[in-house]
Amino acid sequence: MRHNRGVNQSNMNLQGAIDLGAVAAAREAQAKAAQAAAQRAADPVASNLIIDVTTSSFEADVITQSMTVPVVVDLWATWCEPCKQLSPILEKLALEYDGRWILAKVDVDAEQQIAAAFQVQSIPTVYVVIGGQVAPMFQGAMPESQVRQVLEAVLAEAEKAGITGRVGLADGTADESQSQNQTLQPPSDPRFDAAEAALEAGDWAKAAEAYKEILSVTPGDAIAKIGLLNVNLLQRTDGRDLAADVETMTLETDSVLRAADSTFLMGEFADAFALLIEHLKNVTGTERDQTRERVLELFEIAGPADPAVVKARIALTNALF
């Protein structure tokens, strides 16, 4: 049930005097909320996954973080009874999902500017921010099973937008960025010897086989995954005139994909992303899926910290939703 804040006649006696019991209850609720916030701050896990957001921290805690993981924004207040039912559920699930999304809590009384920006009319109200793009989730208290279903849908949409990172539990950094940074160092693992030798020889097919062999044993190996994406790109563009691919591009999906690959290889990451995202807006079905998958692959190769990727993620999210 939605909980609209208004004049509560039960808080007034017949002579219009303030109900001191209601005031005491409100103060107690505020004290409990402050205590809960302090406990989260002392817990290194909870403090990274459950954040009390203010106007000054909103951009860093919500917008910037949403470039890596979905940020669920819980708009609540100490006097709101349904909020007291929903907040513990959201906090429990934030810990359970282990960094796949962040819970940003906003006290609408303390942070009225944020509440106004979200045009809050009733609480609890829950939004999600993915790649800098805000979307409503639900209003009112919900049972855990329904909240979980909504979160699964959110994660599925985030994956489509290429937001698939994970927040590190120790320091709040994203594991996706850490994995990408590792690819900048030459791997010493002997499993990569065959792939490296094939790359040096210009044998893209053999290099791809070597990376696939590694992934068949350890599917989550970030270095092998990025390596395979790189090799696939080299195979697609092998022997092609990169400049000609761009100059002769048509509106056909295959032509746009070739032009984007060539533009990317020439070091123009932002232009490559722009080509694909603009094309994605004008196609449907299989062609739309192909275009989305290609831009996500190029995001992976460029790395999540690349400024062109950060900007393009927002554009991709806007195009998808």
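The values are calculated or read from the model by the stated rules, or taken from the named source; none is laboratory data. Computed from a prediction, not measured in an experiment: that's the story for all the values here. Ideal geometry is used to build each Cβ from the backbone, glycine not excepted, and the neighbour counts take in all protein chains shown.
One table, with the values for the structure above:
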{"quantity": "The one condition in (1) at pLDDT below 50; (2) more than 27 Å from Arg166 (Cα to Cα); (3) assigned to a loop (DSSP other than H, G, I, E, B) that Pro44 fails to fulfil", "calculated": "(2)"}
{"quantity": "Test: residue in the stretch 290-308 that is under 27 Å from Ala194 (Cβ atoms), small (Gly, Ala, Ser) and part of a helix (DSSP H, G or I)", "calculated": "yes"}
{"quantity": "Conditions (1) without any contact (Cβ under 8 Å) to a residue 60 or more places away in the chain; (2) surrounded by 15 or more Cβ atoms within 10 Å (Cβ to Cβ); (3) part of a strand (DSSP E or B); number of the one not met by Val129", "calculated": "(1)"}
{"quantity": "Selection from the stretch 279-289 of residues that are in a helix (DSSP H, G or I) and not small (Gly, Ala, Ser)", "calculated": "His279, Leu280, Thr286, Glu287, Arg288, Asp289"}
{"quantity": "Test for Val71: is it within 21 Å of Glu152 (Cβ to Cβ), surrounded by 21 or more Cβ atoms within 10 Å (Cβ to Cβ) and not basic (Lys, Arg)", "calculated": "yes"}
{"quantity": "From the options Ile123, Ile114, Ile102, residue that is touching a strand residue (DSSP E or B) at 6+ places or on another chain (Cβ under 6 Å), crowded, with 20+ Cβ neighbours inside 10 Å and more than 17 Å from Val62 (Cβ to Cβ)", "calculated": "Ile123"}
{"quantity": "Any hit, the stretch 286-306, residues being free of Cβ contacts under 8 Å to residues at least 24 places away in the same chain, basic (Lys, Arg) and more than 25 Å from Thr68 (Cα to Cα)", "calculated": "no"}
{"quantity": "Lone unmet requirement of (1) in contact (Cβ under 8 Å) with a residue 40 or more places away in the chain; (2) out of contact with any Lys or Arg (no Cβ under 9 Å at 6 or more places or on another chain); (3) in a strand (DSSP E or B) for Thr54", "calculated": "(3)"}
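Rundown of residues vs (1) in a loop (DSSP other than H, G, I, E, B); (2) among the aromatic types (Phe, Trp, Tyr); (3) over 17 Å from the mean Cα position of the chain (by Cα), yes/no style:
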{"residue": "Pro136", "(1), (2), (3)": "no, no, no"}
{"residue": "Ala141", "(1), (2), (3)": "yes, no, yes"}
{"residue": "Gln146", "(1), (2), (3)": "no, no, yes"}
{"residue": "Leu151", "(1), (2), (3)": "no, no, no"}
{"residue": "Val154", "(1), (2), (3)": "no, no, no"}
{"residue": "Glu157", "(1), (2), (3)": "no, no, no"}
{"residue": "Gly162", "(1), (2), (3)": "yes, no, no"}
